[in-house]
Amino acid sequence: MELFDLTGKVAVVTGGTRGIGLMMARGLLQAGASVYVSSRKADAGQEAVRELEPYGVATFIQADLGKESDCLLLAEEVGAREEAVHVVVNNAGATWGAPIDDFPAAAWDKVVDLNLKAPFFVARAFLPLLEAGATGEDPGRIINVGSIEGLRVPEWPTFSYSSTKAALHQLTRHLARDLGPRHITVNAVAPGPFPTKMMAAMLESEGDAITATSPLGRIGHPDDMAGVTVFLSSRAGRNVTGAIIPVDGGIELTT
Ligand SMILES: NC(=O)c1ccc[n+]([C@@H]2O[C@H](COP(=O)([O-])OP(=O)(O)OC[C@H]3O[C@@H](n4cnc5c(N)ncnc54)[C@H](OP(=O)(O)O)[C@@H]3O)[C@@H](O)[C@H]2O)c1
């Protein structure tokens with residue numbers, strides 16, 4: 001099999017209906033995988049499937065991953081259609097910014113539930129399907145989407161966001177140790193700024209200043225997320241586990 005070929009593989013991307021998840025889903029499809037994308041909104045899901053259709057077979061499944069029951073449901077729905085899953089991408093995430101004196105309890109509950117607890121519940125729910133497709137030579141893959149905000153200290157008051165991303169990086173390492181013997185790799189990608197809905201306001205007001213902090217003088221492009229996802233999902237990445245890979249043009253080095 002070619003080093004980066006994903007023909008015949010089945011992948012799941014949470015929050016795959018827009019932004020970074022859509023970039024990752026597109027990359028997986030282009031490498032030959034079939035892809036399930038999930039999110040809360042059915043209309044956005046159908047639109048994403050239409051957008052992905054030119055690249056391969058994409059299917060939408062509705063799930064609110066802030067609830068453990070929907071994390072289980074997502075695995076059940078995929079399991080009703082597939083005998084095995086080869087790649088699970090925990091991408092769905094949310095942020096919340098508010099000054100410390102006004103930072104509400106809800107900003108912890110919502111962000112911890114989606115950014116930290118959901119990747120654990122989703123990973124666990126998919127273990128039987130991942131094990132069904134995994135071998136020592138070609139392990140199953142879990143890819144968690146962290147952030148450079150979990151590696152550095154952001155200048156914005158996004159306390160629950162940065163904390164959950166740092167915790168997700170550590171969860172990635174812990175799961176990698178636990179699941180390696182079950183032939184499953186677990187890695188995290190830590191993106192810098194990418195032009196998505198989550199980042200729209202910040203890039204609108206501070207885009208040039210942010211770009212100037214990158215040693216490479218650029219922010220993320222969809223191919224950058226597609227590329228790292230295909231690497232970690234393919235034979236090329238089969239011996240990598242427990243890694244936190246910044247995809248940020250080096251911004252984390254300078255800020
Ligand atoms: N954009 C960046 O520059 C950047 C940088 C570093 C890290 N990241 C990380 O990359 C990931 C994606 O970010 P993004 O910028 O692409 O965000 P985005 O544009 O806001 O997209 C988020 C995706 O997650 C889904 N989602 C949100 N809440 C959900 C829930 N409760 N249950 C299920 N799905 C849910 C959304 O769909 P619905 O609204 O339909 O549910 C959407 O598909 C996040 O983990 C984020 O922290 C982003």
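The values are calculated or read from the model by the stated rules, or taken from the named source; none is laboratory data. Predicted, not measured: the structure shown is a model, and the values here were computed from it. No Cβ is skipped: glycine too gets one built from the backbone with ideal geometry, and neighbour counts run over all protein chains shown.
Some values worked out for this structure:
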read-out: Yes/no for Asp5 being more than 16 Å from the ligand (Cβ to nearest atom), of a type outside the set (Ser, Thr, Tyr) and more than 23 Å from Leu168 (Cβ to Cβ); value: yes
read-out: Verdict on Gly8 being under 17 Å from the mean Cα position of the chain (by Cα) and over 24 Å from Phe159 (Cα atoms); value: no
read-out: Residue check for Gly217: touching a residue at least 24 places away in the same chain (Cβ under 8 Å), at positive phi and of a type outside the set (A, V, I, L, M); value: yes
read-out: Test: Asp113 is among the acidic types (Asp, Glu), farther than 15 Å from Leu175 by Cα, away from the ligand (no atom under 11 Å from the Cβ) and not in a loop (DSSP other than H, G, I, E, B); value: no
read-out: Residue satisfying condition, being surrounded by fewer than 21 Cβ atoms within 10 Å (Cβ to Cβ) and free of Cβ contacts under 8 Å to residues at least 12 places away in the same chain, within set Ala176, Ala212, Ala236, Ala243; value: Ala212
read-out: Boolean, Ser205 is buried (at least 17 other Cβ atoms within 10 Å of the Cβ) and either of a type in the set (Ser, Thr, Tyr) or in contact with an Asp or Glu (Cβ under 9 Å, 6 or more places away or on another chain) (or both); value: no
read-out: Options Ser34, Ser39: the member that is free of Cβ contacts under 8 Å to residues at least 60 places away in the same chain and under 16 Å from the mean Cα position of the chain (by Cα); value: Ser39
read-out: Helices (runs of 4 or more DSSP H) contained entirely in the range 124-237, each with at least 3 residues that are within 16 Å of the ligand (Cβ to nearest atom) and at pLDDT below 95; value: 200-212
read-out: Check on Glu2, part of a loop (DSSP other than H, G, I, E, B), among the charged types (D, E, K, R) and in contact with a Lys or Arg (Cβ under 9 Å, 6 or more places away or on another chain); value: yes
